[in-house]
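Structure, as structure tokens:
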Amino acid sequence: MEFKGRFGPLNVLTSAFLLIGLVAFLIFSLRSETSSIEYGSRQKKAFSAPKHNVWAELSEDEAAEVNEFIITEATHLNLTLHPKSAQDNFIFVVETLKPNKTDAAPYLYDGASIPERWAKVAISQNFEDGPYMVYYMVGPLPITKDSQVLPLEYMFNSGRNCIKTPLLDFSSVMDFALSMAENVSDITQELLGARANRADPSDPHGLLAFPRGSRIETGGMVLWMQFYRPGMGSGARTLLPQGIYAKVDATSAYIADWTVGQWYYNGVMYADEREFRAALDDPDFVRTPPNIDGSWTDTEDFGDYPDRDLPPPVSVQPYGPRYKLDRKENFVSWFGFEFYLTTAQATGISLFDIRFKGERVIYELGLQEAMAHYAGDDPMQGGLEFMDSFFGMGKSEYTHGYMFELVPGYDCPAYADYLDTEWHQAYKTHKMPNSVCIFEYTADYLLSRHTAQYSVTASRNTFLTVRSVSTVGNYDYTIEYVFYMDGTLEVKVRASGFIFAAFYTANNTKSEDEYGHRIHDALSSSIHDHVLNWKVDLDVAGPTNDMVRLAIEPMTKTYEWDQPEQPKRNTMHLVEYPVTEETGLDWPSNSGEFYIVYNSDEKNAWGERKGYRITSGTGMGSTPHLTILNSTTLGDSARWAEHDLWVLKQKDTEPRSADPLDYFSPYDPLVDFTKMADHESLEHGAPDTEYDGDLVVYFNLGAHHVPHSGDIPNTLMHTSSSSVMFIPHNFADRDPSRQSVQGVRLQLQGKKSGGFAG
């Protein structure tokens with residue numbers, strides 16, 4: 001008798017689990033013994049980083065020390081240890097204040113002493129006009145009599161270190177929304193067949209209401225509340241919008257002052273609740289069908305389908321890793337690549353001091369911000385946008401997800417090394433095991449091959465990956481850094497999860513397919529742009545670099561050797577255009593230009609400048625920038641999204657393109673990118689400039705997402721990936737992967753076969 005499991009016969013699953021368990025046991029047994037196992041004549045030795053990781057996140061002890069120091073020394077802040085809302089003064093975030101490059105570089109490259117260690121602290125602090133989030137810097141660490149609590153101002157070009165908090169307590173906002181929904185239970189029962197349950201918000205049959213906020217230039221917010229079914233069975237809440245919307249005046253930070261105004265249903269605005277209720281009795285009132293949950297939102301299908309009985313192939317690593325990892329310093333070495341990694345709760349993983357074959361390539365590489373901007377003809381989708389660093393892409397909270405524990409064998413190979421992360425918020429240290437993975441992987445395609453007359457050579461394409469997954473609300477972002485044996489580095493993002501869909505209404509005012517497609521009975525997709533911004537501080541063979549646009553252009557030219565048969569020849573040639581000022585660039589039409597960062601002082605054996613090319617990588621076409629021009633919703637908070645990449649001077653006073661708190665103040669952000677990309681000269685020795693050739697590039701990944709029926713229930717990663725690659729360009733004298741690859745050469749024997757067997 002055969003017992004069926006969720007995905008197939010139980011005996012097959014049992015065998016598969018036993019096999020996986022055996023393989024895992026063998027792998028981890030081998031890896032636990034790697035300190036004494038010999039491979040040939042080589043023995044694994046203890047490995048340690050050459051320097052301390054000066055960018056490492058604060059330890060639990062360091063964070064506790066900072067908290068205690070602020071409480072005891074900064075008594076004027078009147079801090080509470082048990083905050084209940086933003087009306088309390090409390091320490092919200094404690095994290096590492098990354099050292100300035102001008103302090104870290106001498107330690108890394110010139111043998112100078114290690115830079116001072118400081119903490120960056122965000123404190124919720126009340127003033128006469130309401131609560132603010134205020135940044136401070138605390139140090140040097142460890143705490144001594146010389147340590148101080150100082151305003152952190154130098155990195156914000158707004159001239160201030162604080163943002164006013166528009167919402168005091170999000171849980172109170174949700175209670176306000178449920179109270180509002182209860183007041184119209186008669187309406188929702190008639191139109192949607194359900195009502196809100198304020199006493200039990202987790203009621204699987206109850207309605208919920210969620211806000212879409214709009215910050216207004218005069219201060220405060222206007223909220224549009226949309227009703228949703230909870231989707232408790234699958235977490236598919238964003239697939240279950242309902243067609244009722246309410247406008248809330250939230251210009252005051254105090255919820256007691258908020259009022260509900262207009263209502264919107266099926267393309268019609270109603271002045272207030274009374275007018276909306278009265279309209280239901282009108283014989284001409286047009287109802288729309290409710291959006292009902294069901295198996296169509298489930299992410300798993302447990303049906304018994306053919307050919308799903310056997311597990312798919314898996315990769316194994318029988319002899320342990322070939323890379324070296326110093327877990328204490330988070331330092332990695334692999335076939336010529338060396339780098340440090342760290343994490344931040346707002347932006348996740350960053351890499352520092354990336355070198356290849358002993359030469360400098362990149363000082364810093366890390367995510368700055370992840371933005372999603374929607375469009376639509378209803379009050380929710382029409383102004384919806386998210387700045388995900390505000391919610392935290394490098395931390396985990398079980399109620400929201402964020403940077404979650406990785407699933408071995410699925411997110412990463414079972415044999416990968418898994419790193420833990422921790423962050424410090426509201427006086428507590430939170431730890432998330434296995435949230436970053438590092439592994440080597442062999443692709444299903446070769447790095448190189450060639451078939452000659454008597455032989456064929458093939459080289460395996462093995463690369464190193466550092467990967468994490470950040471879940472923000474409905475979307476899961478898989479972010480990875482991929483290192484190739486020739487010195488290429490790729491930054492890649494893949495998105496999955498539930499789309500943030502729109503309620504579908506079929507009325508005379510609706511333009512079909514203008515903002516998306518109908519994807520279920522009462523559901524429409526919603527067009528949106530994902531734009532994720534990265535910083536890369538390139539130090540190609542050293543810090544003094546230039547950027548050029550190497551164009552491939554058509555031309556007509558006369559060659560002496562062509563005469564007299566061909567007076568003129570139509571051909572092409574290379575033309576170099578130096579980038580002489582800070583500017584934004586878009587990927588060229590027909591890939592007709594190479595963007596190359598050169599070191600003019602360092603040349604390879606053939607006299608060519610050492611360089612790295614920046615190019616759109618292996619995702620779904622060229623990486624995008626924001627479609628919307630001069631976004632009404634974003635204001636000045638995301639000007640970095642307006643081009644594909646930007647070239648700027650490196651400045652200690654401009655360490656980031658954005659700040660998470662800009663989400664609260666889009667029209668007057670802490671970091672205004674337009675003040676960074678302000679066309680300063682990038683020419684060495686130009687008059688009235690102290691520019692020394694140290695470049696920073698900001699580049700964008702993402703997608704123009706037009707969801708369709710195939711995005712139900714979840715968007716698929718292979719259809720929503722994008723990447724940027726940094727490729728050596730005359731950086732070495734020949735292909736350096738020849739020193740590292742494993743491959744095969746098949747050779748015919750005989751006197752005329754040539755090659756090794758000749």
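Applying the criterion of at least 2 residues that are in the same structural domain as Phe386 (by the TED database) and within 23 Å of Leu550 (Cβ to Cβ) to the strands (runs of 3 or more DSSP E) found wholly in the range 664-753 leaves 695-705, 721-729.
Per this entry, Ile187 is counted among residues that are open to solvent by less than 10 Å² (accessible area, probe 1.4 Å) and either closer than 24 Å to Gln262 by Cβ or assigned by the TED database to the domain that holds Asp668 (or both). Taken across the range 278-286, residues that are within 30 Å of Ser665 (Cβ to Cβ) and not aromatic (Phe, Trp, Tyr) do not occur at all. Scanning the range 463-478 for residues that are in a strand (DSSP E or B), touching a Ser or Thr at 6+ places or on another chain (Cβ under 7 Å) and open to solvent by 10 Å² or more (accessible area, probe 1.4 Å) yields Arg467, Val469, Asp476.
Of the residues making up the range 343-357, those that are surrounded by fewer than 21 Cβ atoms within 10 Å (Cβ to Cβ) and touching a strand residue (DSSP E or B) at 6+ places or on another chain (Cβ under 8 Å) number 1. Number of residues in the range 636-653 that are open to solvent by 40 Å² or more (accessible area, probe 1.4 Å) and either assigned to a helix (DSSP H, G or I) or of a type in the set (A, V, I, L, M, F, W, C) (or both): the value is 1.
Scanning the range 566-578 for residues that are without any contact (Cβ under 8 Å) to a residue 40 or more places away in the chain and under 30 Å from Ile479 (Cβ atoms) turns up nothing.
Go through the range 150-165 and give me each residue that's out of contact with any helix residue (DSSP H, G or I) (no Cβ under 6 Å at 6 or more places or on another chain) and of a type outside the set (Ser, Thr, Tyr).
Pass one, the range 150-165, residues out of contact with any helix residue (DSSP H, G or I) (no Cβ under 6 Å at 6 or more places or on another chain): 150-156, 158-162, 164-165.
Within the range 150-165, Leu150, Pro151, Leu152, Glu153, Met155, Phe156, Gly159, Arg160, Asn161, Cys162, Lys164 meet the criteria.
When the residues of the range 633-653 are filtered to those that are among the hydroxyl-bearing types (Ser, Thr, Tyr) and touching a strand residue (DSSP E or B) at 6+ places or on another chain (Cβ under 9 Å), the one that is farthest from Val548 (Cα to Cα) is Thr633.
Output yes when any residue across the range 313-336 is farther than 30 Å from Lys45 by Cβ, open to solvent by 40 Å² or more (accessible area, probe 1.4 Å) and more than 35 Å from the chain's Cα centre (by Cα), and no when none is. No: the range 313-336 contains no residue that is farther than 30 Å from Lys45 by Cβ, open to solvent by 40 Å² or more (accessible area, probe 1.4 Å) and more than 35 Å from the chain's Cα centre (by Cα). Residues that are within 27 Å of the chain's Cα centre (by Cα) number at least 3 in the following strands (runs of 3 or more DSSP E) confined to the range 120-237: 130-141, 162-164, 208-215. Looking across the range 420-439, the residues that are open to solvent by less than 10 Å² (accessible area, probe 1.4 Å) and within 20 Å of the chain's Cα centre (by Cα) come down to Trp423, Met432, Ser435, Val436, Cys437, Ile438, Phe439. Close contacts from the range 658-679, counting a first residue that is polar (S, T, N, Q) and a second that is open to solvent by 20 Å² or more (accessible area, probe 1.4 Å) and part of a loop (DSSP other than H, G, I, E, B), with Cβ to Cβ under 7 Å and a gap of 6+ residues or different chains, come to Thr674/Asp636. Only a single criterion out of (1) open to solvent by 40 Å² or more (accessible area, probe 1.4 Å); (2) part of a strand (DSSP E or B); (3) out of contact with any helix residue (DSSP H, G or I) (no Cβ under 8 Å at 6 or more places or on another chain) is not satisfied by Arg360, namely (3).
All of (1) surrounded by fewer than 21 Cβ atoms within 10 Å (Cβ to Cβ); (2) closer than 28 Å to Glu128 by Cα hold for Ser202 with one exception: (2). Which of the residues spanning the range 133-151 are surrounded by 20 or more Cβ atoms within 10 Å (Cβ to Cβ) and either of a type in the set (Ser, Thr, Tyr) or in the same structural domain as Phe673 (by the TED database) (or both)? If the condition is that a residue be surrounded by 20 or more Cβ atoms within 10 Å (Cβ to Cβ) and either of a type in the set (Ser, Thr, Tyr) or in the same structural domain as Phe673 (by the TED database) (or both), then Tyr135, Tyr136 are the ones that fit.
Take the residues of the range 723-736 that are more than 29 Å from the chain's Cα centre (by Cα) and closer than 29 Å to Gly366 by Cβ: which is least open to solvent (accessible area, probe 1.4 Å)?
If we take residues in the range 723-736 being more than 29 Å from the chain's Cα centre (by Cα) and closer than 29 Å to Gly366 by Cβ, then Pro736 is least open to solvent (accessible area, probe 1.4 Å).
Across the range 80-91, a minimum of one residue is classified as assigned to a strand (DSSP E or B) and surrounded by 14 or more Cβ atoms within 10 Å (Cβ to Cβ). Close contacts from the range 413-431, counting a first residue that is touching a residue at least 24 places away in the same chain (Cβ under 8 Å) and a second that is assigned to a loop (DSSP other than H, G, I, E, B) and among the β-branched types (Val, Ile, Thr), with Cβ to Cβ under 9 Å and a gap of 6+ residues or different chains, come to Pro413/Val314; Pro413/Val316; Ala414/Val314; Ala414/Val316; Tyr415/Val316. Restricting attention to the range 565-603, the residues being assigned to a strand (DSSP E or B), loosely packed, with under 12 Cβ neighbours inside 10 Å and of a type in the set (S, T, N, Q) number 2.
So, in the range 262-307, of the ones that are at pLDDT below 95 and among the small types (Gly, Ala, Ser), which residue ends up farthest from Met380 (Cα to Cα)? Going through the qualifying residues, I end up with Gly303.
Would you point out the residue of the range 543-564, among those that are among the polar types (S, T, N, Q) and surrounded by 10 or more Cβ atoms within 10 Å (Cβ to Cβ), that is nearest to Phe594 (Cα to Cα)? It would help to see each step written out before you state the result.
Taking the range 543-564 and keeping what is among the polar types (S, T, N, Q), we get 544-545, 556, 558, 563.
Going one step further and asking which of them are surrounded by 10 or more Cβ atoms within 10 Å (Cβ to Cβ), we end up with 544-545, 558.
Numbers: Thr544: 20, Asn545: 16, Thr558: 26 Å.
Filtering the range 543-564 for residues that are among the polar types (S, T, N, Q) and surrounded by 10 or more Cβ atoms within 10 Å (Cβ to Cβ), the one nearest to Phe594 (Cα to Cα) comes out as Asn545.
The values are calculated or read from the model by the stated rules, or taken from the named source; none is laboratory data. Just so we're clear, the structure is a prediction, and the values are computed from it rather than from any experiment. Please note: Cβ atoms are built from the backbone with ideal geometry, for glycine as well, and neighbour counts cover all protein chains shown. Side chains included, ligands, DNA and RNA excluded: accessible areas come from the protein's heavy atoms. Shrake-Rupley method; radii C 1.70, N 1.55, O 1.52, S 1.80 Å.
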